[in-house]
1. Just to be sure I understand: of the beta bridges DSSP finds with both ends in the stretch 1-160, what percent are antiparallel, rounded to 5?
2. Looking at the square roots a ≥ b ≥ c of the eigenvalues of the Cα gyration tensor of the stretch 4-162, which shape do they give, rounded for a/c under 1.5, prolate if a/b is larger than b/c, or oblate?
3. For the residues Tyr135, Tyr54, what sequence is obtained by ranking on other C-beta atoms within 10 Å, fewest first?
4. Assuming a ≥ b ≥ c are the square roots of the Cα gyration tensor eigenvalues, decide whether the stretch 1-87 counts as rounded (a/c under 1.5), prolate (otherwise, with a/b larger than b/c) or oblate.
5. When a/c reaches 1.5 or more, the comparison of a/b and b/c decides; with that in mind, is the stretch 164-214 rounded, prolate or oblate per its Cα gyration tensor?
6. Based on Cβ point charges of +1 for Lys and Arg and -1 for Asp and Glu, what charge dipole magnitude is obtained for the stretch 164-214 about its Cα centre, in debye rounded to the nearest 20?
7. Listed highest first by mean packing, meaning other Cβ atoms within 10 Å per residue, what order do 114-120, 181-187 come in?
8. Give the residue from His141, Ser200, Phe90 lying farthest towards the positive end of the charge dipole for the chain; charges sit on Cβ (+1 for Lys and Arg, -1 for Asp and Glu) and the dipole is referred to the Cα centre.
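Derivation of every value follows stated rules applied to the coordinates shown; laboratory data play no part. Computed from a predicted model, the values in this text were never measured in an experiment. Heads up, the Cβs are rebuilt from the backbone with ideal geometry, glycines too, and the neighbour counts pull from every protein chain shown.
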Amino acid sequence: MTDFPALESRTHREAAARLASDGWNVCGIGDWATVWRSADGRLAARISPFEPAYEVFVALCRNLEGHPMLPRIDFDAPLDGGGRLTVMEFLRSAAPADAEAAKRRWDEAAPGDPVTAVRREAERLDAEATTAIPYWGGLDHNPRNIMTGVEGGLKFVDLFYVDGLELYAALRDDPRAVAERLPAERRRHITEIGAVARLSTPEEIASLRRNAAAIG
């Protein structure tokens with residue numbers, strides 16, 4: 001069994017190495033994070049090298065703990081240098097028709113519908129985050145963020161986002177603005193997210209790393 005609290009003082013690389021040594025396997029790669037699945041298939045661990053906002057989704061799940069349409073969060077903590085590790089129940093992609101139906105329920109916000117409770121709390125947290133978290137993007141209504149539990153049942157995931165285009169444009173063109181808005185200890189690995197590694201040219205990667213190093 002992985003000792004998750006022992007990873008709080010580690011970097012995202014060290015956390016990933018521990019999961020690998022404990023038999024976890026990569027099952028997903030996103031713009032910000034890598035997702036690992038436990039050897040027994042019951043848990044998923046999301047590891048991000050730079051994560052300014054995932055705590056808001058964790059807060060949603062904890063504020064509505066036990067809600068049938070939100071995943072169970074087993075562990076969550078920041079990592080050294082600004083990353084984050086979140087461990088939750090493993091989820092699978094929902095059928096497109098089911099995801100679209102859940103999205104319609106969100107839009108309709110019918111009284112008494114469990115989806116409505118999620119929407120109301122998500123909107124409340126979104127309003128708070130708008131002024132509290134730099135480069136906040138808002139609510140993410142992507143149908144791919146509707147998944148299913150291992151034993152069935154639709155679940156909403158990753159309902160919020162940071163405006164990565166704005167953030168990384170600032171790091172490219174005005175790095176001092178990033179330094180003013182994000183503390184150094186929370187952006188040590190800012191150039192290591194998946195989207196930068198996947199989409200940037202070698203010259204762009206070098207420029208981002210040079211600017212990140214210049215602001216410390």
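1. Numbers: 26 of 26 bridges.
In the stretch 1-160, DSSP labels about 100 percent of beta bridges as antiparallel.
2. On the way: a/c = 2.08, a/b = 1.37, b/c = 1.52.
Note, shape of the stretch 4-162 comes out oblate.
3. On the way: Tyr135 18, Tyr54 22.
With the sparsest Cβ surroundings first, the list reads Tyr135, Tyr54.
4. Numbers: a/c = 1.62, a/b = 1.22, b/c = 1.33.
Judged from the Cα gyration tensor, the stretch 1-87 comes out oblate (a/c at least 1.5, b/c at or above a/b).
5. On the way: a/c = 1.63, a/b = 1.50, b/c = 1.09.
Here the stretch 164-214 falls in the prolate category.
6. Value, rounded to 20: 160 debye.
7. Numbers: 114-120: 17.1, 181-187: 15.4.
Descending mean neighbour count gives 114-120, 181-187.
8. Ser200
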